[in-house]
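Since the structure comes first, as structure tokens, the remarks are kept for the end.
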């Protein structure tokens, strides 16, 4: 039976397989939307995203800010009567959006990149360096400066870090995990 | 009780007082924490948002270390705990993933190490009765909103910790310390996590609602078990840096057990909790 009229069947199938989530089971009870923290601030509620994925509406889904405003709080998944882990689905959609270069919330993506760069080079996140990099790359130089200074004054922002001994191992983990993508 | 201990990156910087108070409280309670040797970052949100394989392999390196030490693992940060617990779950239940991860890390998963949040280790491992017996300065008159956030309780099939809609573990611990936990409905609402940096005006609305509701329920302070929850609840409320303070649960164990270091933890807060404790004659 052909389900998708204007959408892409292959988009639905790819996301279904990559996320491992039984997307087809969603029957729009909207329990996810009711408990969703970001629902009021986002383009779409989780159940709307699910329906759009079912219909294969690739562009609409990947351009929605909902996939980026999802904080992975997991309330939706915990309440879903059909056992769909919607936060996992949102992760798959973020990954796919990055792969296809449809990045609606650029700063979230920049943050993820500078965070992982820090882990890759030191083995741990050095919060000061990571934040400085984020500020430079996002161009958002001045927000939260007061918090940063207050934390620095309280000794919560150490400037130097030793990093871990097993850095080669960490780099190897990153390399091997990129192969699998 | 001897446990391996994974502090995580935040506890080396923005949540130093959580690390200091966790170690001091455990020592006083008779729990010996042995820090994992050469632990690495769990990957946090950034790994699981971008690369599923990486999100499981980074924590697995730490689980391998805990396995080498042969000690159950206690994790103070709720976010690190969640990533470790998910990895442990995948290693237990998904043979294909386990084989891949074992090959990358070069270890053999035994499944013998229990992964716990530090809160769980204290309340379920030691028990609130044992904690209560050690209390020398009961937190009398202190009304607290116990805030669990997301990652201690969800996804429930993975964390297997307390009731995901109405957890009571921290409430029971606070009662054992002599405090009065209030009833409220925002225990497990989201603080916005790392979106605080990238979508701060949105997160401000979420945090303000949580703080308003805690105050409306009569709480004089919020108590958390997560560094990101603590800093978001302090910094991202509408009335920036004013209003009710936000404790780590380990700090309040420290106060109730009469530990001498509490002042050194509280000076690191952006909203000073000392005046409240002094007003209730609870400060050292």
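The values are calculated or read from the model by the stated rules, or taken from the named source; none is laboratory data. Fair warning: this is a prediction, and the values are worked out from it, not measured in the lab. Using ideal geometry, Cβ is built from the backbone for each residue, glycine included, and neighbour counts are taken over all protein chains shown.
Some points to look at:
- In the range A:133-158, the residues that are on the phi > 0 side of the Ramachandran plot and under 27 Å from the mean Cα position of the chain (by Cα): A:139, A:144
- Matching residues in the range A:144-154 - criterion: being within 7 Å of chain B (Cβ to nearest Cβ) and either closer than 13 Å to residue B:268 by Cβ or surrounded by fewer than 13 Cβ atoms within 10 Å (Cβ to Cβ) (or both): A:150, A:151, A:154
- Filter result for the condition that a residue is within 10 Å of chain A (Cβ to nearest Cβ) and within 14 Å of the chain's Cα centre (by Cα), over B:77, B:41, B:9: B:9
- Taken over the range B:156-204, the residue count meeting the criterion of being in a helix (DSSP H, G or I) and over 17 Å from the mean Cα position of the chain (by Cα) is 12.
- Any hit, the range A:59-71, residues being more than 11 Å from residue A:32 (Cα to Cα) and over 16 Å from the mean Cα position of the chain (by Cα): yes
- Residue check for residue B:90: in the same structural domain as residue B:233 (by TED's automatic domain parsing) and either at pLDDT 95 or above or closer than 13 Å to residue B:173 by Cα (or both): no
- Against the test of being closer than 19 Å to residue B:210 by Cβ and either touching a residue at least 40 places away in the same chain (Cβ under 8 Å) or assigned by TED's automatic domain parsing to the domain that holds residue B:66 (or both), the options B:139, B:126, B:118, B:144 yield a single qualifying residue, B:144.
- Odd one out for residue B:270 among (1) more than 28 Å from residue B:209 (Cα to Cα); (2) outside any helix (DSSP H, G or I); (3) within 14 Å of another protein chain (Cβ to nearest Cβ): (1)
- Exactly one residue out of B:53, B:92, B:27 is over 20 Å from the mean Cα position of the chain (by Cα), surrounded by fewer than 24 Cβ atoms within 10 Å (Cβ to Cβ) and away from chain A (no Cβ under 12 Å): that is B:92.
- Of all residues in the range A:34-65, those being touching a helix residue (DSSP H, G or I) at 6+ places or on another chain (Cβ under 6 Å), under 22 Å from residue B:208 (Cβ atoms) and assigned to a helix (DSSP H, G or I) number 3.
- Across the range B:141-154, the qualifying residues are those that are buried (at least 22 other Cβ atoms within 10 Å of the Cβ) and more than 13 Å from the chain's Cα centre (by Cα), and the one among them that is nearest to the other protein chains (Cβ to nearest Cβ) is B:154.
- Test: residue in the range B:34-46 that is farther than 20 Å from residue A:171 by Cβ and surrounded by fewer than 17 Cβ atoms within 10 Å (Cβ to Cβ): yes
- Answer residue from the range B:167-197, given it is touching a strand residue (DSSP E or B) at 6+ places or on another chain (Cβ under 9 Å) and in contact (Cβ under 8 Å) with a residue 60 or more places away in the chain and is nearest to residue A:74 (Cα to Cα) among those: B:170
- Residue match in the range B:61-69 (condition: surrounded by fewer than 24 Cβ atoms within 10 Å (Cβ to Cβ), within 11 Å of chain A (Cβ to nearest Cβ) and more than 16 Å from the chain's Cα centre (by Cα)): yes
- All told, residue B:253 falls short of being over 30 Å from residue B:27 (Cα atoms) and buried (at least 23 other Cβ atoms within 10 Å of the Cβ).
- Answer from B:264, B:232, B:172 - the residue that is farther than 19 Å from residue B:77 by Cα, within 12 Å of chain A (Cβ to nearest Cβ) and modelled with pLDDT of 95 or more: B:264
- Inspection of the range A:94-115 finds a residue satisfying the criterion of being within 9 Å of chain B (Cβ to nearest Cβ), buried (at least 18 other Cβ atoms within 10 Å of the Cβ), over 30 Å from residue A:16 (Cβ atoms) and in contact (Cβ under 8 Å) with a residue 12 or more places away in the chain.
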